[in-house]
Ligand SMILES: [Zn+2]
């Protein structure tokens, strides 16, 4: 396959959809959506700006094809897809490196040791921009602390405009009473500040704290019976700012 290529799908991130009902078993708490980026492999490996999604239920252990997604799931996919910073890159594939390696081998015979340095340029550093964030999120949800910042999606209904992205800051945690109290960011656009939380520091609404069940944290989401039965909150990621 000198000029052909194969297509791979690279998982970017997986998000739990705790509060959504599985279209297959009609139970809550098992859905996970994975976002994948298309990658073509030939002489070069190229990441394309094409994101697709898969949905799996860990309760009935079923993969739910896109055709069976309801409006809420479709809308979640579209909204979250928008917030994924898509990195496109082109780099030499393993196959391409072999081709160049052979060429370099010949060159070495002729040109001597000089070429060896060049091989260093072909080193493969596969970056996983979301890996660290996923690990930290799992860690921080297991052991929440006041000051943690949650990037959340608040679903107030299945329609467009009823899904809002914002930030929560953990105010207090009361393990004995199974309560966590959070402050909501004033703006419904947490993505703007997610990469630089110093911008968000002053913008949490101290006057209107929300209290949820702490046990829900292990499912990365909250139900919101205190405000509105249909309101659901999913935690997409967690950051723990450095204490000054
Ligand atoms: Zn299911």
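None of the figures in this text is laboratory data; all of them are computed from the coordinates on show. The structure displayed is predicted, hence computed values, not measured ones. Every residue, glycine as well, gets a Cβ built from its backbone with ideal geometry; the counts of neighbours run over all protein chains shown.
Data overview
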| item | result |
| --- | --- |
| Filtered residue count, segment 42-72, keeping only those that are more than 16 Å from the ligand (Cβ to nearest atom) and in a loop (DSSP other than H, G, I, E, B) | 2 |
| Subset of segment 17-26 that is near the ligand (Cβ under 9 Å from one of its atoms), in a loop (DSSP other than H, G, I, E, B) and in contact with a strand residue (DSSP E or B) (Cβ under 7 Å, 6 or more places away or on another chain) - its residue that is nearest to residue 236 (Cα to Cα) | 22 |
| Answer residue from segment 73-90, given it is part of a helix (DSSP H, G or I) and over 14 Å from the mean Cα position of the chain (by Cα) and is nearest to the ligand (Cβ to nearest atom) among those | 73 |
